[in-house]
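Below you'll find the structure, written out as structure tokens, and then a few comments.
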Amino acid sequence: MKLVVEIVDAHDLMPRDGEGSASPFVEVDFENQRSRTTTVPKNLNPIWNQKLLFSFDQAKNHHHQTIEVCIYHERRPISSRTFLGRARIPCSTIVKKGEEVYQTFQLEKKRFFSSIKGEVGLKIYLSSETEPSSPAPSSSPPSSPPPPSSPPPSSKNRNLIHNPSIPLSISEVPVSNISNISEVPVSNILNSSPSITQVSLIEKSSSPVPEAESPCSSVEEPKEEIKEPVEVRVEENPHIYKYQVLQQPAISVEKGPQGISSTMYQANPDIHPSPQDDYNLKEMDPQLGERWPAGGVYGGRGWMSGERFATTYDLVEQMYYLYVRVVKAKDLPPGALTGSCDPYVEVKLGNYKGRTRHFEKKMNPEWNQVFAFSKDRIQSSSLEVFVKDKEMVGRDDYLGRVVFDMNEVPTRVPPDSPLAPQWYRLEDRRGEGKVRGNIMLAVWLGTQADEAFSEAWHSEAASVHGEGVSSIRSKVYVSPKLWYLRVNVIEAQDIQPNDRSRVPEVFVKAQVGSQVLRTKICPTPTTNPLWNEDLVFVTAEPFEEQLVLTVEDRVHPSKDDVLGRISMPLTVFEKRLDHRPVHSTWFHLEKFGFGTLEADRRKELKFSSRIHVRVCLEGGYHVLDESTMYISDQRPTARQLWKQPIGILEVGILGAQGLLPMKMKDSRGSTDAYCVARYGQKWVRTRTILDTFSPKWNEQYTWEVYDPCTVITLGVFDNCHLGGAEKLSGGGAVRDSRIGKVRIRLSTLESHRTYIHSYPLLVLQPTGVKKMGELQLAIRFTSLSLANMIYAYGHPLLPKMHYLHPLTVNQVDSLRYQAMNIVATRLGRAEPPLRKEVVEYMLDVDSHMWSMRRSKANFFRIMSLLSGVITMSRWFGNVCHWKNPITSVLVHILFLILIWYPELILPTIFLYMFLIGTWNYRFRPRHPPHMDTKLSWAEAVQPDELDEEFDTFPTSRSQDRVYMRYDRLRSVAGRIQTVVGDLATQGERFQSLLSWRDPRATSLFIMFCLCAALVLYMTPFRAVALVAGLFMLRHPRFRSKLPSIPNNFFKRLPPRTDSLL
């Protein structure tokens, strides 16, 4: 692998030769590998266009290394050089070949008192091919150097000239190269098997199973005999590297119907004993971390004694599994009648049986399948592996077996390499001798952290069939890489209308996928219209849509004629990282309707009109796909602009408690719950725990944090896609049901502290707020650098392009909706899909809809903020009226001290705030915030207001109810109108002081201002402040109950209310 540093140019360098110029060259240093360009003599804006190649070892961690690019002035004839500046580029911003873009870096100083200016333009990328070295530029200065203010040539044109081997298409970044989805050490990935492992068939034996007694339940479940084995066909599944566990056995308690509704079923009173739901956060003390029952020795033998403590996965409860990997067999004996063998393997542990698929007429089959058995459900001391020959009629033939003692099974802990499989000779049915045939097996004891867990099939999921097999597995998803596509429509030429007798009224319609935007109609009817309008779209990599530009003529308000169109792939447009303008291009338009003709006919009917546009992909923006109130990522699209991560967020999704039944299954309530977490570009989905109200996931995930002022969102859903015949009564598509959601803001977490809490899952329903259960989480935020953390708090929340060229509010709302649709569509195409209803709920797609409840909540939030100011004003009023004489005397003394020593005013204010903050430290929150029903105004909301909030848009309610709500809205708006009018009245009275609207009032005021200016000019400021302060703090005996003179004068000033209709 080669690191390519392409030195393009530099601008506005510091002159160093004493003649107002310099002879610069560039030297690049990467891991003690140094290389330099040629020298450009006498040029402060040199152009090199040279490539420097360096060896790049991908096995090393280059995350915190930098590439140092230094510019020097070559002094001749003596062999020396003078420093002109340097730029240091972090290796974390390096991209692969095909994604590189032109970037400019401001030159930095080497010493504090150095005089440095200018910038250098680079392109940096990794290439697996041998890059040809670019020809060195001529030693003579260029004839026409570009001025310092001129923009650099576009990266696309430069690649066409100097790099003809680079294609114009943009390659997609492989998922494996995205660092923020890595969940295991590198050794786990390197040691994993490259082949796709097939998953086994599981069946239960016909023998009765003694259920293990639950330590936390006294209810006995009747033992049930399974007469027929259950066979499930399993599909292939890729590897998933993360931490998982299987569900614990749940005790089913039959209960009578208690007001079952159409969509929700009332919870069992034994599961929810309290009629009043508890909406508070609860602390937990689970036994987290690893405890290895391995005889006290890592890698030792045995299940039953000893414990080993570790800290590898310390945010989840460890659960143990017996893994059996069936790899292949050889030298199997043929059948006596058929002369061939149709082998399959059956793994039996107690009453559990797992079976691989069979091969027809194959003596050396390969399965490479994994079985996982929960240790808590094992009731046998031996593991049996049978090899059988499948027969079409009658019982299958027995070929041999291998028996393992459970006390001799070794343990394995990642990131150790996978246990190597071994060949075992088959034994006869009684184990008294060897038979023909060998089988390759690997058996070990592991946890949910084992990479084989995700590829294994478990007996607890044997009831899931067909497509539901993949929908219950846990997955890690990555949001598509979103870009803003900016289309600047400048002008068009030689537009020919269909009706030659009229001048066209032309506008341009641009379409990308389902997004359609239009320019305004050119104000001057002409055949050469001018618009110069920006149209912004959202698109995602890989770019599947095309940009379609259509020039149309407004013939009638209800009719538009298409005059020409052009379609272009998005891969041909330049990617821009800053506000520098890109080059505009003229495109020829084709006559609409001629595109389907044969090639020779299309040449004859070539349309002569053309359009002038400037199109680029904006990499300097962050594409918002979620509400800005709950934003989880603020990085720009272009990876080259990413900063170093400032911390690590670790989340252990332990489980849930007290979930409500979400659907009916076998005439009883049931819930098949899974959890989804979203932070940044990474989405995670736990596996589905079947038919339990208290699922245990115990899965741990990790995210890189680039900004602490972000929010992680976790939602719990009921899986309705288990492969059965789930259909809605109306015949529509079934949707996964929402159970609840939790948001946690990272800035409210203390660094290096583990928070283990049970969060209430609160959902607002048409009947009011309801608790759907509790979600148990363990969260830890680790700060990597205090300096980077302080740096983040002092910089803008969004990338700088949002402030240099901001988008309008309407654009942000529209683009967010389009981005959400793209994310939902792309994630819905994954396998298993992350469904649209889940993505919409996690992204708060309906947060902008009108709600009387939210309006009340926001009003009282404002009042709570103003309550402090109101309290201070009341306290000051009490001081002025001597309600508490001691306090008034102390305030007088403090006032006199500040008048005598005015330099103490600001230190006193800041010291007072420091003391307040120090005092409030004792009352700081001890746990992360959670959903607050009082703050949300969800407890006192009226039923009709809730019905209005859940109404569709447009409304589906009756006409009388809509009239009633409209009248209520008019009443609320009337009160708001009165308050706004009062504020406008006070402001207009201030304006009328000097506007001569009232000549007498303005004359009095300006005369007062003249007298006040003379008095204040001749009187020391301390004396004026002392008199004014003592007058305000005077005793009530010296006060009048009538309003003051300034107040009377101000209220007599004329507002403009008399001019309103």
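Under the combined filter of DSSP loop state and at most 12 neighbouring Cβ atoms within 10 Å, region 346-433 retains these GluC sites (Glu not before Pro): GLU360, GLU432.
Any chance you could check the Cα centroid distance between region 330-351 and region 764-832 for me, in angstrom? When both Cα centres are located, 55 Å separates them. In this simple spin-label approximation, ALA830 and SER340 carry label points 7 Å from Cα along the Cα→Cβ vector, and these lie 4.2 nm apart. With the simple model of a label 7 Å out from the Cα in the direction of the Cβ, SER1044 to VAL435 spans 10.6 nm. Find the centroid of the Cα atoms in region 376-421 and in region 661-681, then give the distance between the two in whole Å. Centre-to-centre (Cα) distance: 33 Å. Let me know the shape class of region 606-675, please: from the alpha-carbon gyration tensor, a ≥ b ≥ c as square roots of the eigenvalues, rounded when a/c is under 1.5, otherwise prolate if a/b is greater than b/c, or oblate. Cα axes put region 606-675 in the oblate bin. Placing dummy labels 7 Å off each Cα toward the beta-carbon, the span from LYS665 to SER747 is 4.2 nm. Computed from the C-beta positions of GLN287 and SER115, the FRET efficiency with R₀ = 51 Å rounds to 0.20.
Note on ARG639: accessible area is roughly 60 Å² with a 1.4 Å probe, heavy atoms of protein only. For region 449-549, the list of GluC sites (Glu not before Pro) that fall in a loop by DSSP and count at most 14 other C-beta atoms within 10 angstrom reads GLU467, GLU544. One decimal place: the segment TRP996-ILE916 gains 24.1 nm when fully extended, by the rule 0.36 nm per residue minus the C-alpha distance. If R0 is 51 Å, the Cβ-Cβ spacing of ASP499 and THR955 corresponds to a FRET efficiency of close to 0.75. When all alpha carbon pairs of region 859-1005 are counted in 5 Å bins from zero, the resulting P(r) reads 2, 6, 6, 9, 12, 10, 11, 13, 10, 7, 7, 4, 2, 1, 0 %. Would you please classify the overall shape of region 472-525 from the alpha carbon gyration tensor, given that a ≥ b ≥ c denote the square roots of the eigenvalues, rounded means a/c under 1.5, and beyond that prolate means a/b larger than b/c while oblate covers the rest? It comes out prolate by the Cα gyration axes.
Of the solvent-accessible surface of region 873-932, computed with a 1.4 Å probe over protein heavy atoms with every protein chain present, carbon and sulfur atoms account for 76 percent. Were the residues from LEU904 through ASP405 laid out at 0.36 nm apart, the gain over their Cα-Cα distance would be 171.4 nm.
Shown for region 1-48: the carbon plus sulfur share of the solvent-accessible area, taken with all protein chains present and a 1.4 angstrom probe, equals 43%.
Counting only Cβ charges, +1 for Lys and Arg and -1 for Asp and Glu, the dipole size of region 974-1061 around its Cα centre is about 400 debye. Taking the Cα atoms of region 933-1044, the ratio Rg/Rh between the radius of gyration and the Kirkwood radius comes to 1.29. Multiplying the residue separation of ARG75 and GLU108 by 0.36 nm and subtracting their alpha-carbon distance yields 9.8 nm. A rounded overall shape is assigned to region 771-872, the ratio a/c of its alpha-carbon gyration tensor axes (a ≥ b ≥ c) being less than 1.5.
Each Cα pair of region 18-95 feeds into the Kirkwood radius, which the Stokes-Einstein equation turns, at 37 °C and 0.692 mPa s, into a diffusion coefficient of 234 µm²/s.
Using alpha carbons only, the radius of gyration of region 402-458 set against its Kirkwood radius gives Rg/Rh = 1.05. For SER454, the residues whose modelled amide H falls within less than 5 Å of its own, excluding neighbours fewer than 5 places apart on the same chain, are ILE240. Per residue, the solvent-accessible area of region 755-884 (1.4 Å probe, heavy atoms of protein chains only, all protein chains present) comes to 53 Å². When you count the other C-beta atoms within 10 angstrom of each residue and take the mean per peptide, 944-952, 743-751 line up highest first as 743-751, 944-952. Could you compute the FRET efficiency for CYS1011 and HIS881, with r as their C-beta to C-beta distance and R0 at 30 Å, rounded to 0.05? The computed FRET efficiency comes out at 0.50.
The values are calculated or read from the model by the stated rules, or taken from the named source; none is laboratory data. This structure is a prediction, so every number in the text was calculated from the model and none was measured. Using ideal geometry, Cβ is built from the backbone for each residue, glycine included, and neighbour counts are taken over all protein chains shown. To get the accessible areas, we keep the full protein, side chains included, count just its heavy atoms, and leave off ligands, DNA and RNA. Shrake-Rupley method; radii C 1.70, N 1.55, O 1.52, S 1.80 Å.
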